[in-house]
Amino acid sequence: MTLLLFFPVLLFGQLRNSDVYKLPEMGKENIRENINIPGFDGYETLKCDFHIHTVFSDGKVWPDIRVNEAWQQGLDAIAITDHIEYRPFKDKVLGDLNESYNIAKGHADHLGFILIKGAEITRNKPIGHLNALFINDANKLALEDPIDALHEAKRQGAFVMWNHPGWPDDKSTLYPVHEQLLKDNLIDGIETFNFLEYYPLTFDYANEYNLAYMGNSDIHHLITETYGGEKLARPLTLVFSSERSEKGIKEALFARRTAVLFNGSLAGKDDILRKLFNAAVHVKKIENNSGYTELSNTSDLNFILLIGNYRYCLSPNKTLRLKLPETGRVIVENCHTGKDSKLEFILPLQ
């Protein structure tokens, strides 16, 4: 084993001479960030971004680079969702509406990375933009009537997400057309976070209409240009899946087993966030009559706790020792379960 580990170093060492002195250790393309977010109930947590653009619509990045970015940053899956109707570079970047996926798919398979085929149906409000995920042929969505495009997406087995409801007018209005789409089962998820903003009203929409909470980058430029390279800087949809596969992700999305991670906060349905918190945080009461309790955060998530008049930060992979009151509530300030509601626990913690 030792010989195998050092063999690459010895090989590169042979190329360090007066003519060529190679420094392969400078290259980071094969280094991946590990993100530790536990699962629950037998499900594993997959880190996903379901809203991404390339040069085949109005993005500035070649498709396979999107796979590299996501793999390096610790994601498990992405969907490339180029616009159907808006392709400003189509005279220079040739190919049909499936081309960006086709280019990226081979590279994703090479890395063992999950790439989901998608497209963005792009219309002005009131209907707005909607992503169709898990489609077979994006070309068939290029229809004059967006409702027809949604029906075609559904014929292909698509999961449909209502994108950035609060953009571009800063109003997250649920219009009559959306009520009809919901009635007709043509919307399955709602983007509660997009790019650099979130939409508090959409938390209530997701709860009321049983939609999957979704949060995505909608990235057009290089991912590090917008979010930098720090761990967990980009927004993510957390998918609680029975297996690490496209099939598992699709089942989980239709079952609404998702949460959104953005800027150190979480958003999701109460039961989902409660199970996630309990999987991440271990409670230990110190049995020496000191009155202290230890809360150990075994994840890369951050939790802000409000207990009485005190505010505590339970940082990733840290243990917090504190004296808890016998009764009362613990409010997890950065875990949104509705527009005006946060995750709560009743003391004593178990």
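The table that follows gives values for the structure above.
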| read-out | value |
| --- | --- |
| Cross-link pairs beyond the 22 Å C-alpha cut-off, checked among 105/231; 154/269; 275/318; 47/90; 47/285 | 105/231; 154/269; 47/90; 47/285 |
| Reciprocal mean inverse distance between Cα atoms of the range 281-346 - Kirkwood radius, Å | 12.5 Å |
| Distance from the range 81-100 to the range 197-224 (C-alpha centre basis), Å | 24 Å |
| Förster radius 45 Å - calculated FRET efficiency between residue 204 and residue 136, Cβ distance, rounded to 0.05 | 0.85 |
| Förster-model FRET efficiency, 51 Å R0, residue 271 and residue 23, C-beta, rounded to 0.05 | 0.50 |
| Under 12 Å, Cβ to Cβ, from residue 40 - net charge with Lys/Arg +1 and Asp/Glu -1 | 0 |
| The range 276-350 and the range 102-135: distance between their alpha carbon centers, rounded to Å | 38 Å |
| The chain: most fluctuating residue of 241, 18, 265 per GNM, C-alpha cutoff 10 Å | 18 |
| Rg over Rh, two decimals, the range 239-350 (C-alpha only, Kirkwood Rh) | 1.02 |
| Per-residue Cβ neighbour rank within 10 angstrom, fewest leading, 26, 161 | 26, 161 |
| Residue-count net charge about residue 130 - beta-carbon cut-off 11 Å; Lys, Arg +1, Asp, Glu -1 | -2 |
| Charge dipole magnitude, Cβ of K and R +1, D and E -1 - the range 77-222, Cα centre, debye nearest 20 | 260 debye |
| Within the chain, percent of DSSP bridges classed antiparallel, to nearest 5 | 75 percent |
| Pairwise FRET efficiency - residue 251 versus residue 349, Cβ, R0 = 35 Å, nearest 0.05 | 0.60 |
| Candidates 316, 176, 165: whichever shows maximal mean-square fluctuation once the chain is modelled as a Gaussian network with Cα springs under 10 Å | 176 |
| Taking 251, 326 and counting other C-beta atoms within 10 Å, the order from fewest to most | 326, 251 |
| Residue-wise HN-Hα coupling along the range 324-333, computed from phi with Karplus coefficients 6.51, -1.76, 1.60 (Hz; x: Gly, Pro) | 9, x, 5, 10, x, 10, 10, 9, 8, 4 |
| Surrounding net charge for residue 220, when Lys and Arg each add one and Asp and Glu each subtract one, Cβ distance under 14 Å | -3 |
| Label-point gap, in nm, between residue 313 and residue 111 - each point 7 angstrom along Cα→Cβ | 3.1 nm |
| Of 216, 17, 334, the one that fluctuates the most in a GNM where the chain has Cα springs shorter than 10 Å | 17 |
| Cα-centred dipole magnitude for the chain, charges only on beta-carbon of K, R (+1) and D, E (-1), debye, nearest 20 | 1000 debye |
| In the range 178-254, chymotrypsin sites (Phe, Trp or Tyr not before Pro) in a DSSP loop with at most 10 other beta-carbon atoms within 10 Å | none |
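Values quoted throughout were computed directly from the atomic coordinates according to the rules given, and no laboratory measurement underlies them. This is a predicted model, so every value here is computed, not measured. Note that we place each Cβ from the backbone using ideal geometry, even for glycine, and neighbour counts take in every protein chain shown.
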